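Encoded as structure tokens, the structure appears first; notes follow it.
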Amino acid sequence: MIFSKAGFGGAVADFEAAVVAQDAKRSGKAFIRLQETFGRAKETELFAGGPRLAAVLEQVPPSPRGVVAVLVGACVERGADAERCAPGVLAGLRAALEGAVAFGEAWAATGGGAFPVPDDGEPGEEIVERTGFEAAVGWWTLSQWEMAAVALLNHRAVRAGLDEKAAGAGPDGATVHGQAGSGRGELLRLLTAVAQASGRELRCLSYALQVLDDEPLVVLHRPTATGYLLRLSGIGDNFQLHTLLADALIGGGHVAGRAPSPQEVAVCRETPGQVETAGSFELVAPDGDRLWNEGTPADIPVVDGVRLLVLDEPSYARSWPAGRFFPGMRGDLILERALEPEETERWLARVSPAGELTG
């Protein structure tokens, strides 16, 4: 076949047609051209190419499918419609995770041992013989699917598409959204199964799947016996949450302490980069367990239908680079109101007394 168009757009069209026709030779040539031309792609080619590649992902042979998914994610990072790309990529992610789980089961059933470390090539014949081809490819391509899926999960609309919103009554009658509906929950279950079998944790993917949006949060500042209702969205980890809490409560003049600078706050919302910051609180669960900055807001327990966080004085000085765990994801924390003293007392009655941290 003589390619009729140059550039990434032409490569997408050729690959799409070859895959639909199940022409392995043509699709192989077009696959190489996709990778060669992506770096020089025009904006319009990326906008159109991402959804078109995502639409044929299921028909792409298993070995190159993960690479094509990465290209789709890269198109999204440069402006392609994430919602249109999501169904194909997330379906492929689930299939890869299911394959990786099957790989772990087959590996254990055929003698076990250290899991092979995937490389840039395909799984070797010995590995395929032990586990089967699709399971081996699932294990081999997990990092590619993680990269592609996280690029899409940076977008709130994609995250919302995975949710089944669980209704509950929060303060002021607000609807409380669960961290994971059936879509997220199933992907997280598969991730857990992979980690348990292999010891391999896909932290970026796990955190992206746990991101909360429009989530009510009751915060109790124990030293002052005051409480606050906030709402968070797009926060990747508790380092980011910690800085934004300090801005809302200390910067807002509600409690004493070190307020983060405008630059520290900006990089935790949407400004690129990192800025050194310091801790202002100890993050504590209602039962007295420590909530680590390395965790996520989804770790904050739900009490009476809403997430409940206790802030104590920091037990030791700690600093870190303020910023976003997901540089492509906008984060936000809004202080909706201070709780009335009676409300705060009711919430404080639900938490363990201050004491030695148990986590």
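For the reader, a short list of remarks on this structure follows.
- Solvent-accessible heavy-atom area per residue, rounded to whole Å², over the chain at 1.4 Å: 45
- Kirkwood hydrodynamic radius over Cα pairs of the range 270-311, then Stokes diffusion coefficient at 4 °C and 1.567 mPa s, in µm²/s: 108
- FRET efficiency estimate (nearest 0.05) - Cβ-Cβ, residue 17 to residue 318, R0 41 angstrom: 0.15
- Peptides 51-60, 103-112 ranked from most to least packed, by the mean per-residue count of other Cβ atoms within 10 Å: 51-60, 103-112.
- Counting heavy atoms of the protein chains alone, residue 128 has an accessible area of about 40 Å² for a 1.4 Å probe.
- A Gaussian network model of the chain, with springs between Cα atoms under 10 Å, assigns the largest mean-square fluctuation among 154, 238, 293 to 293.
- A dipole drawn for the chain from +1 and -1 charges on Cβ atoms has a positive end, and of 82, 104, 296 the residue lying farthest that way is 82.
- Per-residue HN-Hα couplings for the range 82-96 [Karplus 6.51, -1.76, 1.60; θ = phi - 60°; Hz; x = Gly/Pro]: 5, 5, 5, 7, 4, x, x, 5, 6, 5, x, 4, 4, 4, 5
- Working ranking of peptides 131-143, 73-85 by packing, defined as the average number of other Cβ atoms within 10 Å per residue, highest first, is 131-143, 73-85.
- Carbon/sulfur fraction of accessible area - the chain, other protein chains in place, 1.4 Å, %: 52
- One way to sum up the overall shape of the range 229-359 is the equivalent ellipsoid from its Cα gyration tensor, whose semi-axes run 24, 16, 15 Å, largest first.
- Between the range 65-122 and the range 1-64, the alpha-carbon centres lie 19 Å apart.
- Unit charges on C-beta of K, R, D, E only; dipole of the range 2-75, Debye: 160
- Positive end of the dipole of the chain (Cβ unit charges, origin at the Cα centre): among 236, 268, 53, the Cα lying farthest that way belongs to 53.
- Helix content alone sets the calculated 222 nm mean residue ellipticity of the chain: runs of n ≥ 4 DSSP H residues at -39500 (n - 2.57) each, divided across all residues, give -14500 deg cm²/dmol.
- Note on the range 177-304: along the principal axes its Cα atoms extend 47, 37, 25 Å, ordered by decreasing extent.
- Size of electric dipole in the chain: Cβ of Lys, Arg +1 and of Asp, Glu -1, about Cα centre, debye, nearest 20: 920
- Accessible area of residue 25 (1.4 Å probe, protein heavy atoms only, ligands and nucleic acids ignored): about 150 Å².
- Check: the range 263-327 dipole with +1 on Lys, Arg Cβ and -1 on Asp, Glu Cβ, in debye: 240
- Note on the chain: Cα-Cα pairs beyond 26 Å make up 57% of the total pair count.
- When both the range 272-346 and the range 133-157 are represented by their alpha-carbon centers, they are found 29 Å apart.
- R0 of 56 Å, Cβ-Cβ distance residue 289-residue 81: FRET efficiency to nearest 0.05: 0.85
The values are calculated or read from the model by the stated rules, or taken from the named source; none is laboratory data. Owing to the predicted nature of the structure, the values given are computational and were not obtained by experimental measurement. Note: ideal-geometry Cβ built from the backbone for every residue, glycine included; neighbour counts use all protein chains shown. Accessible surface areas use protein heavy atoms only, side chains included; no ligands, DNA or RNA. Shrake-Rupley method; radii C 1.70, N 1.55, O 1.52, S 1.80 Å.
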